[in-house]
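Following: one structure in structure tokens, then a few remarks.
Read the figures in this text as sums done on the coordinates, not as results from a lab. Bear in mind that the values here come from a model prediction, so they are computed numbers and not experimental data. Reconstructed Cβ throughout: ideal geometry from the backbone, glycine too, with neighbour counts over all protein chains shown.
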Amino acid sequence: MLKGRPLIYMILFFVSEALMVGASPFLFRSWSYEQAQVAILGLFAISAFLCLLLMKSLMAMIRRDASAQALETLKDMELEQLAAMVQTGQEIEAIRFRIRKHPSVIQDLEEDFPDLYVSRCDNPVADAILFRKSREMKEQNIRSHFQVSLPADLPLDSAILLSLLTNLLDNAILAASQCPSERRFVSLEAGLRRNCLVCICENSVSDNAAITPGLSSKNRPGHGHGLQILEDLCTQQGGQLKGVMENGRCRFTATLWLEEEA
């Protein structure tokens, strides 16, 4: 529902349109042809200007709504993550003992405690996403490997990071799920290289898979779902998306330029 500035601009736009259409006959009867033409052109210019303001306001409203929706999704992920962490509180002492004895036991711990979540990243947004997607992959018998090193104060909007990682992993999970269970895997590496965020996502694919941006997997097996969103997202951030498929594997590299710190 429109409100605020978009509503005001829309009302003014329709008023100017009505004036231009309704006043035209009166102007041509009462004024000279040249004067009437100038007045109508003036009304048209005002109408066009109001239309531009209306479109800009609508686009801003759409972006705000999309950002709010993304943050709601992130909130749900973080609540789910918190519930899992609280649920495994009784296992803490046993886990600490295992970690002291064996520093590299995250995979073993997750096998022994299926409901356990081990934090993988300092960035809370990325950590919440990895938590949810790791659960989804376990449910679909997809082996996963995450190597994500992102700071908590990453200079990137949370909604953009959420969209980037979610689409990368959703796309990979969808493609891997179409492979035989023994071949299913998804890996994600993400980190900073100077002022650039680099994400590399690799997964198994079926024999007839294809990289087709803008085409969902319902129309063609394998990759395609969400690729157009990823391409647009990378382009908007001054980066790019590259995909390579060979030997039953698909590898996407997404780069996004970050704002320089003041």
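Of note:
- Length gained on full extension, Ala23 to Glu72: 12.8 nm, using 0.36 nm per residue less the C-alpha separation.
- Remark: the Cα gyration tensor places the range 119-257 in the oblate category, a/c being 1.5 or greater and a/b not exceeding b/c.
- Computed label-point distance, nm, for sites Met245 and Leu41 using a 7 Å Cα→Cβ extension: 5.6
- Volume of the convex hull of the range 5-67 (Cα atoms only), normalised per residue: 54 Å³.
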